[in-house]
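Since the structure comes first, as structure tokens, the remarks are kept for the end.
The values are calculated or read from the model by the stated rules, or taken from the named source; none is laboratory data. Keep in mind it's a predicted model, so treat the numbers as computed, not measured. Note: ideal-geometry Cβ built from the backbone for every residue, glycine included; neighbour counts use all protein chains shown.
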Amino acid sequence: MEKHIDEVLYSISPDTVVARRYNPILGIIITVVAAGTMLGANQIEPFASNRDLYQYLMMAGFMVLATGVTMICYWLFGDSVKPHYAPTGEKLVRHDLIFNIADVNRVETLVAAGDFKALEKLPRSSASGLIVVVYAAKSGKFAMAQTLEYVPHEYQPVSATHLFEEGKFTVADFM
């Protein structure tokens, strides 16, 4: 049985694809500003003299504080990595293309050949029986694709994952 593209993504050479975490600085700034505002609210006019304004500031501060803490927790404990193409440092974007299951042979032939321009022109389906997952760099220097077929309760690979370097595939508009 072939490995799923998401399993293969980070197992290829670390000189090709690397996982980078989100930067937590925005969450830290939001948390510090919200905490500082909430602590200093008793000293700031007109909030110190008006209890209603003070309560509104505290409620808004708590909501902003919760957002910042959530962002930090996501960075620390969540699935906060994104794949990047190592030679250029650009982010790989995931695209899911849905096709009719009857077109499996034609779709797999185009994916194996790296002809994403022709693949883009094939009719799409609303039923997700056949999906082509493509990770691609916007510059067109790298792409990775796999065809997946829906077998009850999960998607199973039709073939192995295909890796394409610059010049070995056609760049489509969806990339």
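Is one or more of the residues making up region 53-70 without any contact (Cβ under 8 Å) to a residue 40 or more places away in the chain, assigned by TED's automatic domain parsing to the domain that holds Asp115 and surrounded by 16 or more Cβ atoms within 10 Å (Cβ to Cβ)? Looking for residues that are without any contact (Cβ under 8 Å) to a residue 40 or more places away in the chain, assigned by TED's automatic domain parsing to the domain that holds Asp115 and surrounded by 16 or more Cβ atoms within 10 Å (Cβ to Cβ), one finds none in region 53-70, hence no.
To keep it simple, each residue is scored yes or no on (1) within 21 Å of the chain's Cα centre (by Cα); (2) aromatic (Phe, Trp, Tyr).
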| position | (1), (2) |
| --- | --- |
| Glu7 | yes, no |
| Pro14 | yes, no |
| Val18 | yes, no |
| Tyr22 | yes, yes |
| Asn42 | no, no |
| Met58 | no, no |
| Val81 | yes, no |
| Tyr85 | yes, yes |
| Val104 | no, no |
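Residues that are of a type in the set (Ser, Thr, Tyr) and either under 22 Å from Phe77 (Cα atoms) or in contact with a Pro (Cβ under 8 Å, 6 or more places away or on another chain) (or both) within region 22-45 comprise Tyr22, Thr31, listed in sequence order. Once region 106-115 is narrowed to residues that are part of a helix (DSSP H, G or I) and not charged (D, E, K, R), the residue that is farthest from Gly167 (Cα to Cα) is Val107.
Screening Lys91 with (1) in a strand (DSSP E or B); (2) under 18 Å from His4 (Cα atoms) gives one miss only, at (2). Would you confirm whether any residue within region 5-21 is under 30 Å from Gln156 (Cα atoms), touching a Ser or Thr at 6+ places or on another chain (Cβ under 8 Å), at pLDDT below 90 and among the aromatic types (Phe, Trp, Tyr)? No, region 5-21 contains no residue that is under 30 Å from Gln156 (Cα atoms), touching a Ser or Thr at 6+ places or on another chain (Cβ under 8 Å), at pLDDT below 90 and among the aromatic types (Phe, Trp, Tyr).
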